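The values are calculated or read from the model by the stated rules, or taken from the named source; none is laboratory data. Since the structure is predicted, the reported quantities are computational estimates derived from the model, not experimental observations. Virtual Cβ from ideal backbone geometry, glycine too; neighbours counted across all protein chains shown. These area figures cover heavy atoms from the full protein model, side chains too; ligands, DNA and RNA do not enter into them. Shrake-Rupley method; radii C 1.70, N 1.55, O 1.52, S 1.80 Å.
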Amino acid sequence: MAFKASHRLARISARKVRPLADLVRGKFADEALDILRFQPHRGARMLEKVIQSALGNAQDVSQNRGQSLKQDNLIVAEARVDGGPIIKRFRPRARGTAYPILKRTSHIHVTLEEIEI
C-alpha cells in the first residue's frame with residue numbers, strides 16, 4: 001500500500017531540491033531521514049518534513065485498514081519535485097528601467113511503499 005504526502009507551493013526553486021530527492025529515492029524511510037538530517041541545504045529540511053508527514057500517514061490507523069505499520073518496512077518509492085507557479089516582481093534599475101525578479105516555487109511529492117522482508 002502506498003502512503004503519500006506533499007508540500008505544495010514551497011518557496012524554493014525546484015532545481016535546488018531535485019538533487020536531494022535523487023539522494024533519497026529508493027532508500028528506506030528511516031535511512032532517508034538520516035541522509036537528509038546531515039545535509040546543509042534548506043531544501044533538505046522541507047523534504048525531511050514531507051517524508052515525516054508520509055510516515056505519519058503510514059502510522060495512521062484510519063488510513064490503512066486498522067493496522068499501524070512499522071517504518072522499518074517502508075521505502076521511498078517516489079520523491080518528485082515539480083515546478084510551481086512563479087511570483088513575478090520588478091526591481092528598479094538605472095535610467096528608469098525595470099528588471100524582472102522571478103521568485104520560484106515548487107511542489108514536493110513523496111510516496112512511501114511497504115515492502116515484505
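So the values come out like this:
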{"quantity": "Alpha-carbon centroids, the stretch 1-30 and the stretch 74-105: separation in whole Å", "calculated": "18"}
{"quantity": "Sparse-neighbourhood loop sites, trypsin sites (Lys or Arg not before Pro) in the stretch 1-65 - DSSP loop, at most 13 other Cβ within 10 angstrom", "calculated": "ARG11, ARG65"}
{"quantity": "Length-normalised contact order of the chain in % [C-alpha pairs under 8 Å, at least 6 apart]", "calculated": "40"}
{"quantity": "Entry for percent of Cα pairs over 24 Å apart (calculated from the structure that is shown) out of (i) 18; (ii) 22; (iii) 35", "calculated": "(iii)"}
{"quantity": "Computed [θ] at 222 nm, helices only, for the chain once each DSSP H run of length n ≥ 4 contributes -39500 (n - 2.57)", "calculated": "-10000 deg cm²/dmol"}
{"quantity": "Which of PHE3, PHE90, PHE38 is most accessible, then next, and so on - probe 1.4 Å", "calculated": "PHE38, PHE90, PHE3"}
{"quantity": "For the chain: accessible area per residue (Å², 1.4 Å)", "calculated": "64"}
{"quantity": "Global geometry of the stretch 1-56, whether rounded, prolate or oblate, following the gyration tensor of its Cα atoms and the 1.5 cut on a/c", "calculated": "oblate"}
{"quantity": "Accessible area of the chain belonging to carbon and sulfur atoms, whole % at 1.4 Å probe", "calculated": "50"}
{"quantity": "Long-range lysine pairs (8 or more apart or interchain), the chain, Cα under 21 Å", "calculated": "11"}
